[in-house]
Amino acid sequence: MIEPVFERHHFNFTAASPAVFTQPSEGSGKDIHAHFCSDCGTKLALTFERWPDKIGIYIGTLDDPTRISVRPENSKHIFVSEAPSGTLLPPDVKIFQRHAAENDGTPIEPTIYSKPVVK
């Protein structure tokens, strides 16, 4: 799943306000808010109690998802510990077994492979 994260004040829903389902994160205990279409159930975005100024948008819901350039320097893989066996981890990308930061915001050191690795 590709989920570009934006500053929340730069983003708004234009057609209608989505419905929201809230659930605490197993890792941080902080609430995660899943925004979805109340008509069809499509997940649109995530907002976070932990980072109230950010919004993650499901890239497939954008009018033109190709406008988001995914490169090693602007991306990371999180929750790799939950990826299915056989998942290909690309080289030169920050890899995290779960979160990229501790609950207090302290960054976690990523793993970066020099060649592709199969989990």
- Consider Gly56 against the criteria (1) assigned to a strand (DSSP E or B); (2) touching a residue at least 40 places away in the same chain (Cβ under 8 Å); (3) touching a Lys or Arg at 6+ places or on another chain (Cβ under 9 Å); (4) not acidic (Asp, Glu): it satisfies all of them except one. Which criterion is unmet? (3)
- Consider Tyr113 carefully, then state whether it is touching a residue at least 12 places away in the same chain (Cβ under 8 Å), exposed (fewer than 13 other Cβ atoms within 10 Å of the Cβ) and aromatic (Phe, Trp, Tyr). yes
- Message: For the list (1) within 15 Å of the chain's Cα centre (by Cα); (2) exposed (fewer than 12 other Cβ atoms within 10 Å of the Cβ); (3) farther than 26 Å from Lys119 by Cβ, I need the number of the one condition that Thr61 fails.
- Response: (2)
- Message: Looking at (1) assigned to a loop (DSSP other than H, G, I, E, B); (2) within 19 Å of Ser25 (Cβ to Cβ); (3) in the same structural domain as Ile32 (by TED's automatic domain parsing), which one does Asp63 not meet, given that it meets all the others?
- Response: (2)
- Message: Any residue at all in region 29-41 that's part of a loop (DSSP other than H, G, I, E, B), touching a residue at least 12 places away in the same chain (Cβ under 8 Å), under 29 Å from Lys119 (Cα atoms) and not assigned by TED's automatic domain parsing to the domain that holds Lys119?
- Response: yes
- Query: Just one of Phe21, Phe13, Phe6 is assigned to a strand (DSSP E or B), among the aromatic types (Phe, Trp, Tyr) and at pLDDT below 95; which is it?
  - Reply: Phe6
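The values are calculated or read from the model by the stated rules, or taken from the named source; none is laboratory data. Quick caveat, the model's predicted, so the values are computed rather than measured. For neighbour counting, all protein chains shown are included, and Cβ atoms are generated from backbone atoms with ideal geometry for every residue, glycine included.
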